[in-house]
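**Student:** The structure that follows is given in the form of structure tokens.
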Amino acid sequence: MNSENDFTTRAIHAGQDFDPTTGAVIPPVYFTTTFVQDGVGGFRGGYEYTRGGNPTRTALETLLASIEGGDRAFSFASGLAAEDTLLRAALKPGDHILMGNDVYGGTHRLVSRVHVPVGVSLSTVEMGDLDAVASALRPDATKVVWLETPSNPLMKITDIAAVAELAHRVGAIVVVDNTFASPYLQQPLSLGADVVVHSTTKYLGGHSDVLGGAVILKDETLVRGESLADQVGFLQFGVGAVSGPMDAWLTMRGIKTLGVRMDRHSSNAQRIAEALVGHEKLERVYYPGLPDHPGHELAARQMKSFGGMISVAVRGGGETARRFAESMELFQLAESLGGVESLVCYPSEMTHASVKGTQLEVPENVVRLSVGIESVDDLLADLHSALTRL
Ligand code: PLP
């Protein structure tokens with residue numbers, strides 16, 4: 001296995017060497033908090049205490065770095081724990097962070113309610129509008145530009161390379177939350193981004209059974225003249241929001257099938273989006289795979305395919321949209337996304353409730369679908385019968 005191998009090969013083999021003691025093809029889960037020392041400071045394999053490092057977490061971090069094309073990866077207990085550790089490493093009081101105006105509500109809440117109160121300043125911008133991005137950057141203060149593409153839930157597409165060029169001119173780093181696309185569909189580091197973050201809870205884990213987060217970056221990324229990777233590594237240990245061995249192992253197991261799952265998520269979503277366009281009960285379908293989506297050509301350039309997330313605007317307003325979200329059977333009403341099973345969410349009262357009344361507010365008639373890998377005909381039948389009942 002080497003870095004030249006195809007994505008799908010690396011997803012199965014990177015960090016996954018067989019156990020040298022027993023020959024077990026699947027490396028064991030190291031359920032241990034601490035490691036025996038051969039004399040004080042005589043660490044076997046460098047491990048001392050699991051908050052600082054554990055072989056199962058190392059295996060996941062090696063795998064994450066490989067599939068995102070980064071030099072180093074750090075794994076955390078949740079996506080927000082990963083984001084918080086990165087923000088602590090990258091920002092100091094007085095610094096400014098510029099975020100997309102439709103990032104995940106929890107990310108906005110983390111910055112506005114945890115980091116702003118200790119002196120960071122935040123503004124949001126339409127990331128697709130490069131002139132607006134250029135004017136929102138503050139040459140001496142902006143240290144981080146944070147974007148999601150496709151965005152959540154309106155599926156806006158941002159030109160990662162173009163934003164990176166603008167941000168780098170003022171000395172800011174670009175962070176891409178790659179949760180919606182996954183590294184199989186989009187490789188932000190190769191497009192000029194400096195850092196990728198994930199809620200591995202979603203497509204990477206892939207089965208809605210394990211929470212986790214990750215930060216992946218290149219060695220050469222510096223903040224205040226020091227290695228950002230070293231700072232994130234220090235805070236992962238020093239603050240301690242690490243993933244446990246079982247969570248790390250489950251996430252690795254999920255990643256092995258990421259490629260085949262994403263192919264199926266994308267093809268199911270494409271069929272569903274095409275079938276819903278023009279439906280009399282819907283005002284609009286938001287899916288970058290549709291030729292009239294404003295980001296279609298850009299998405300076709302920077303993504304392998306268009307992913308499994310669709311949003312729709314329902315005619316008749318918030319109450320009707322809410323009833324639609326509550327009336328499906330296969331699409332289960334739940335927070336989260338990216339699992340093999342289809343889910344439906346009513347963002348304005350669920351995932352994005354925390355941004356009500358802010359610039360990030362989601363229209364009340366929007367319903368978000370996380371299209372799973374079930375039979376697409378069954379999924380379409382479920383959607384059509386719910387729409388008919390509206
Ligand atoms: N980023 C995105 C795009 C998300 O959708 C989420 C969660 O929904 C997060 C980050 C936060 O991740 P977690 O729930 O694992 O903390």
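The values are calculated or read from the model by the stated rules, or taken from the named source; none is laboratory data. Worth saying up front: this structure is predicted, and the values here are computed from it rather than measured. Note: ideal-geometry Cβ built from the backbone for every residue, glycine included; neighbour counts use all protein chains shown. For accessibility, only protein heavy atoms count, side chains too; no ligands or nucleic acids. Shrake-Rupley method; radii C 1.70, N 1.55, O 1.52, S 1.80 Å.
**Student:** Take the cross-link list K218/K304; K143/K256; K92/K356; K92/K156; K143/K304 and give me the ones stretching past 32 Å between alpha-carbons.
**Tutor:** Values: K218/K304 22 Å; K143/K256 35 Å; K92/K356 27 Å; K92/K156 30 Å; K143/K304 30 Å.
K143/K256, as the Cα separations exceed 32 Å there.
**Student:** How much of the DSSP beta bridge set in the stretch 7-256 is antiparallel, as a percent to the nearest 5? Mind dumping the intermediate values first?
**Tutor:** On the way: 15 of 32 bridges.
Taking every DSSP beta bridge with both residues in the stretch 7-256, the antiparallel ones total about 45 percent.
**Student:** Still on this structure, I have one more. Could you work out the relative contact order of the chain? I mean the mean sequence separation of Cα pairs under 8 Å and 6+ apart, divided by the number of residues, in percent. Write down the numbers at each step before the final one.
**Tutor:** Details: 813 pairs, mean separation 64.5, N = 390.
Relative contact order of the chain: 17 percent.
**Student:** Report the net charge of residues surrounding I310, where surrounding means a beta-carbon distance below 13 angstrom and charges are Lys +1, Arg +1, Asp -1, Glu -1.
**Tutor:** Values: positive: R271, R284, R368; negative: E274.
The answer is +2.
**Student:** Let me ask another. For helix 79-90, what angle does its Cα long axis make with the longest principal axis of the chain, in degrees from 0 to 90 and rounded to 10?
**Tutor:** Computed tilt is about 60 degrees.
**Student:** So, by mean Cβ neighbours within 10 angstrom, what's the order for 223-229, 134-140 with the highest one leading? Don't skip to the answer; put the middle values down first.
**Tutor:** On the way: 223-229: 15.6, 134-140: 14.0.
Most protected by this proxy first, the peptides run 223-229, 134-140.
**Student:** Right, something else. In debye to the nearest 20, how big a dipole does the chain give about its Cα centre with +1 on each Lys and Arg Cβ and -1 on each Asp and Glu Cβ?
**Tutor:** 420
**Student:** Related question: At a Förster radius of 41 Å, what calculated FRET efficiency corresponds to the Cβ-Cβ distance of V25 and D131, to the nearest 0.05?
**Tutor:** Details: r = 54 Å, r/R0 = 1.31.
That pair, V25 with D131, gives E of 0.15.
**Student:** Compute the signed sum of charges (Lys and Arg +1, Asp and Glu -1) over the other residues within less than 10 Å, Cβ to Cβ, of S78. Mind dumping the intermediate values first?
**Tutor:** Details: positive: none; negative: E83, D84, D247.
That works out to -3.
**Student:** Relative contact order of the stretch 258-388: what whole-number percent is it, with Cα pairs under 8 angstrom and at least 6 residues apart?
**Tutor:** Contact order relative to length: 26 percent.
**Student:** Follow-up question, since we're still on this one. Could you work out how far helix 258-276 tilts from the main Cα principal axis of the chain, as a 0 to 90 degree angle to the nearest 10?
**Tutor:** Approximately 10 degrees, to the nearest ten.
**Student:** Let me ask you something else. Provide the percentage of antiparallel DSSP beta bridges, counting only those with both residues in the stretch 298-369; round to the nearest 5. Show your work: numbers first, answer last.
**Tutor:** Values: 6 of 8 bridges.
Antiparallel: roughly 75 percent of the beta bridges in the stretch 298-369.
**Student:** Find how many whole Å separate the alpha carbon centroid of the stretch 14-59 from the alpha carbon centroid of the stretch 283-345.
**Tutor:** Result: 42 Å between the Cα centres.
**Student:** Hey, what's the chain come to in accessible area per residue, 1.4 Å probe, Å²?
**Tutor:** Numbers: 15910 Å² over 390 residues.
With the other protein chains kept in place, the chain gives 41 Å² per residue.
**Student:** Once the Cα atoms of helix 245-256 and of the chain are each reduced to a long axis, what angle between those two axes, in degrees from 0 to 90 to the nearest 10, is obtained?
**Tutor:** The two axes meet at around 60 degrees.
**Student:** Of the DSSP beta bridges with both residues in the stretch 258-388, give the percent that are antiparallel, rounding to the nearest 5. Each step should come with its number before you reach the end.
**Tutor:** On the way: 12 of 14 bridges.
Here the share of antiparallel DSSP bridges comes out near 85 percent.
**Student:** Under the 0.36 nm per residue contour assumption, what length would be gained going from the current alpha-carbon distance of R389 and R301 to full extension? Can you show the working numbers first?
**Tutor:** Details: separation 88, 0.36 × 88 = 31.68 nm, distance 3.86 nm.
That pair, R389 and R301, stretches by 27.8 nm at full extension.
**Student:** Among V344, V133, V40, determine the one that fluctuates most according to a GNM of the chain built with springs between C-alpha atoms less than 10 Å apart.
**Tutor:** Sorting by GNM fluctuation, first place goes to V40.
**Student:** Once every DSSP H run of n ≥ 4 in the chain is given -39500 (n - 2.57) and the sum is divided by its residues, what mean residue ellipticity at 222 nm do you get, rounded to the nearest 500 deg cm²/dmol? Let's see the in-between values first.
**Tutor:** Working: 12 runs with 128 residues, N = 390.
Here the helix-only value at 222 nm equals -10000 deg cm²/dmol.
**Student:** Still on this structure, please answer the following. Leaving ligands, DNA and RNA out of it, report the carbon-plus-sulfur percent of the accessible area of the chain at a 1.4 Å probe. Don't skip to the end; give the middle numbers.
**Tutor:** On the way: 8270 of 15910 Å².
Its accessible area is 52 percent carbon and sulfur atoms.
**Student:** Mean-square fluctuation check for the chain, GNM, Cα pairs under 10 Å: which of T34, T351, T251 is largest?
**Tutor:** Largest GNM mean-square fluctuation: T34.
**Student:** Going highest first, how would you order 93-100, 72-79 by mean Cβ packing within 10 Å? Intermediate values should be presented prior to the final figure.
**Tutor:** Details: 93-100: 20.1, 72-79: 24.0.
Those peptides, ordered most packed to least, come out 72-79, 93-100.
**Student:** Taking K and R as +1 and D and E as -1, what net charge do the other residues with C-beta under 15 Å from the C-beta of T221 add up to? Don't skip to the answer; put the middle values down first.
**Tutor:** On the way: positive: R72, K143, K218, R224; negative: E68, D71, D194, D219, E220, E226, D230.
Charge balance near T221 sits at -3.
**Student:** Taking the highest mean first, how do the peptides 204-213, 10-19 order by number of other beta carbon atoms within 10 angstrom per residue? Show your work: numbers first, answer last.
**Tutor:** Details: 204-213: 21.9, 10-19: 17.6.
Put in order of decreasing packing, that is 204-213, 10-19.
**Student:** Another question, if that's okay. Report the Stokes-Einstein translational diffusion coefficient (µm² s⁻¹, integer) for the stretch 151-220, Rh taken as the Kirkwood radius over Cα pairs, at 20 °C with viscosity 1.002 mPa s.
**Tutor:** Roughly 166 µm²/s, to the nearest whole number.
**Student:** Here's another thing I want to ask about it. Give the dimensionless ratio obtained when the Cα radius of gyration of the chain is divided by 2.2 N^0.38 Å.
**Tutor:** Working: Rg = 21.0 Å, N = 390, 2.2 N^0.38 = 21.2 Å.
Dividing the Cα Rg of the chain by 2.2 N^0.38 Å gives 0.99.
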